[in-house]
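The values are calculated or read from the model by the stated rules, or taken from the named source; none is laboratory data. Nothing here was measured: the structure is a model prediction, and the numbers come from that model. Backbone-built Cβ (ideal geometry, glycine too); neighbour counts: all protein chains shown. All accessible areas refer to the heavy atoms of the entire protein, side chains included, with ligands and DNA or RNA removed. Shrake-Rupley method; radii C 1.70, N 1.55, O 1.52, S 1.80 Å.
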Amino acid sequence: MCLAFGMRNHNFSLLRSAALPAALFGVLFTAGAGCKAKSPTVEPPAAAPAAPAAPPTPAGVTRVTVSKDGYTPASITAPAGKDTTLIFRRVDEQNCGDTLVFPKLNIRKDLPLNEDVTVTIPAQQPQELSFTCGMGMYKGALVITAS
């Protein structure tokens, strides 16, 4: 007869009754010893990179910003008889301003995001020249006035 076999038959209930309190003590001791479950942390989404700053505007040139609010400024005044230079810059993608159209002059330009696009309007007589986005939703005007 094996000694272990004999112990198992006679002392199994004793081992079982001693093991349970020891296991509970270990769990409680570990929980009380500073083991804390960390709650998951939620990181805020990273902010979108800021649009690069536009370079300085040369004298006699008007800068126009295209955003979700349309054209800023939406109305530009220029003297008759002189070329007019405009610089358009689209600063966000949340708009339909990726195309610029001057219908009367048959000018159509793509406006890439955060890039300057220069449009030179040849000398004109006094009049109002409208400009729009490709869909006609954003509207602006170049008002040519008598000198």
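Take the residues of the range 66-89 that are of a type in the set (V, I, T) and open to solvent by less than 50 Å² (accessible area, probe 1.4 Å): which is nearest to the chain's Cα centre (by Cα)?
V66
For D92, state whether it is in contact with a Ser or Thr (Cβ under 6 Å, 6 or more places away or on another chain) and loosely packed, with under 14 Cβ neighbours inside 10 Å. Working first, answer last.
Details: in contact with a Ser or Thr (Cβ under 6 Å, 6 or more places away or on another chain): yes; loosely packed, with under 14 Cβ neighbours inside 10 Å: no.
Here the answer is no, as D92 does not meet what is asked.
Name the pairs whose Cβ atoms lie under 7 Å apart, with the first residue in the range 121-134 and farther than 15 Å from L86 by Cβ, the second exposed (fewer than 12 other Cβ atoms within 10 Å of the Cβ) and not polar (S, T, N, Q), and 6 or more positions between them or separate chains?
Within 7 Å, the pairs are P126/A146.
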